[in-house]
Amino acid sequence: MSLTGNPDYETKTSYSFTVLATDAAGNTSEQAVTLAINDVDDTAPTVSSVAISSATGALNSRLNAGDVVSVTVTMSEATTVTGTPQVALNVGGSTVQASYVSGSGGTALLFQYTVQGGDTDANGISIGANALQLNGGTLRDAASNNATLTHGAVANNASYLVDTATPVISSGALASALNENAGTGQLVYTAAATDASVVSYSLKAAGDHAAFSINTSTGAVTLTGNPDH
């Protein structure tokens, strides 16, 4: 005897039937039988959420070359990872891959991407829908059910802007000449630079830097003492 359909515990937990045995003389006996259906895990893990969770080296919400962006994929149940699945990130319109790092056997899976020179994103890193890909690996629960990878998009995150370009100084190499004994606090130079973000100015600890001060916002450089030829 065999069951003609596919048993499903969630639909029906047991079956009953009666077997009849009849001999050549027409004598019949019967046996009631109960078939129990065991409940097994046939529910695949799903993606509960995807989020940019942290970054190393961030300064003023901006990432530079060498900084590491972390993405956390939260699963609906403990999930075992093999290989190196990836999450595609949108950095300024270019697609880069955050690779699996850790978390196998739990629900929080960590993926990371190291910012490269030339990367730029003035709006913040985003993640498109269904950006999680196996990349030849696997995501499975303890019952070997393959995970369902679909998930929603993550909008531009302004906490993770990307700026790997150095400011371009447009002011020249010569400061304004001063007559000796012109007095203290003379403006001798105004630094100017262009960049995608706000620029702040400072003096490098070299040469006669200790004799000058600079306005960090405007780039105005003044001689702190009285010039004496």
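The values are calculated or read from the model by the stated rules, or taken from the named source; none is laboratory data. Bear in mind the structure is a predicted one, so any value in this text is a computation, not a measurement. Cβ: placed from backbone, ideal geometry, glycine included. Neighbour counts: every protein chain shown. Remember, those area values only see protein heavy atoms, side chains included, never the ligands or the DNA or RNA. Shrake-Rupley method; radii C 1.70, N 1.55, O 1.52, S 1.80 Å.
Between Ser213, Ser126, Ser48, the GNM of the chain built on Cα springs shorter than 10 angstrom shows Ser213 fluctuating the most. From most to least packed by mean Cβ count within 10 Å, the peptides 189-196, 80-87, 176-183 give 80-87, 189-196, 176-183. Taking N as the residue count of region 181-229, its C-alpha radius of gyration divided by 2.2 N^0.38 Å amounts to 1.26.
Packing, taken as the mean count of other beta carbons within 10 Å per residue, orders the peptides 12-22, 140-150 from highest to lowest as 140-150, 12-22. Only Cα pairs within less than 10 Å get springs; with that Gaussian network setup on the chain, which residue of Val96, Val40, Val71 has the largest fluctuation? The residue with the greatest mean-square fluctuation here is Val40.
Within the accessible area of the chain, the carbon and sulfur atoms contribute 50%, probe 1.4 Å, all protein chains present. Compared with the alpha-carbon gap, the fully stretched path from Ser99 to Ser213 is longer by 36.4 nm at 0.36 nm per residue. From the Kirkwood radius over Cα pairs of region 67-190, Stokes-Einstein at 10 °C and 1.306 mPa s returns a whole-number translational diffusion coefficient of 90 µm²/s.
The residues of region 80-181 expose on average 53 square angstrom of accessible surface per residue, using a 1.4 Å probe on protein heavy atoms.
Each residue of the chain gets 149 Å³ once the volume of the Cα convex hull is shared out per residue.
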